[in-house]
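Only the coordinates and a few stated rules stand behind these numbers; no lab work does. Computed from a predicted model, the values in this text were never measured in an experiment. Note that each Cβ is placed from the backbone with ideal geometry, even for glycine, and that neighbours are counted across all protein chains shown.
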Amino acid sequence: MPRPMFHIARLHAELRPSARRHKTALVNLRDASARRETSLDLRPRRLVFDRSDWVSAWIDPRQIVLSWDGTTEAVRGVTTHGRLLWIVRQTGLSRAYHSRAADPFDAMAEARTAWQRRRDQRHLKPEVERIVRDLRWFRRRLAIRTDDAYRSPLCDEGVDGFLMSLGIVGFRTYPGWLIAWLYAFERQVGFVLYEAHRRQLAESGEAAA
C-alpha cells in the first residue's frame, strides 16, 4: 500500500471510538498466551498498525509464534472492527494471510494450504484472463457469489475487507462484469472468478480444466 494511503488508514483507525477498547482486548491476551517466550519481552510493548490485503488491524509484537521450521510466523492482532485473528506471514514477505483460527499453528496450517492452492493455480492465468474478457464485454453471463470468494484460496477476512473497502459488502451475489473490471486493480480477484467458473461448470455437468 502506498505510504500516504497507509497513514490515512492508520489515522482513520485511531479515530474510531472503539479503537482503545479493541487494543486493550488485544493487550490483555498477552498473559493468557500459553506459548510465551522470554525473547518476546524484549520486543516493543506498543501495538503496531498493519494494513495488508484489505485488512486494517492492530498487531502485538509480543504475541508472535514461529513455525517449527522458522519459515512462518503468526502474530496476534485485532481488526479495527474488533475481530481477533492471527496474521500469518512467510519470512521476508510482506503479504499476509489473516486467519480467524484460535490456535496459531492452525492459522499457519490454514495459510500454507491457501498459499499452495494459489501456487497450483498460477498456470491458470491465461484461462482467468479469458474469463475476465468474456465477462467484461458481456460474451458470458456469470453471477459471482460470496461463497465463491470464501471457497477460493483467499482469506475470509481479506474478502470481507475488500468488499467493505469498496462499499459493496452485504450482498450474496455480484454481476460477473463488475468483478471482472475489479480484476484490473486487484489481481487476486482472479481466484474468485475461477472458483465461480468451476462452480458454473459443475452445475452444468461439465468439468473445469
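List of remarks:
- Label-to-label distance for S18 and D106 is 2.2 nm, based on points extended 7 Å past Cα in the beta-carbon direction.
- Once you reduce the range 44-83 and the range 177-209 to the center of their Cα atoms, the two points are 30 Å from each other.
- Scattering curve values for the chain, log₁₀ I(q)/I(0), Debye with Cα scatterers, q = 0.08 Å⁻¹: -0.32
- Kirkwood's formula applied to the C-alpha pairs of the range 104-209 gives a hydrodynamic radius of 14.3 angstrom.
- Restricted to Cα atoms, the range 57-110 shows a radius of gyration and a Dmax of 10.2, 32 angstrom.
- The slack in the chain from R187 to T113, taken as 0.36 nm per residue of separation less the alpha-carbon distance, amounts to 24.7 nm.
- Footprinting exposure proxy for E203, E127, E110 (fewest neighbouring C-beta atoms within 10 Å first): E203, E127, E110
- Phi-based couplings in Hz for the range 66-72 (Karplus 6.51, -1.76, 1.60; Gly and Pro marked x): 9, 5, 4, 8, x, 9, 9
- Modelled this way, with points 7 Å down the Cα-to-C-beta line, the labels at I8 and R45 are 3.5 nm from one another.
- From least to most packed, judged by other beta carbons within 10 angstrom and beginning with the fewest, L163, L178 follow the order L178, L163.
- The peptide list 54-64, 165-175, put in order of mean Cβ contacts within 10 Å with the highest first, becomes 54-64, 165-175.
- Taking only the Cα atoms of the range 162-209, the radius of gyration and Dmax are 12.1, 36 Å.
- Listed residues D69, D148, D106, most fluctuating in the chain (Gaussian network, C-alpha, under 10 Å): D69
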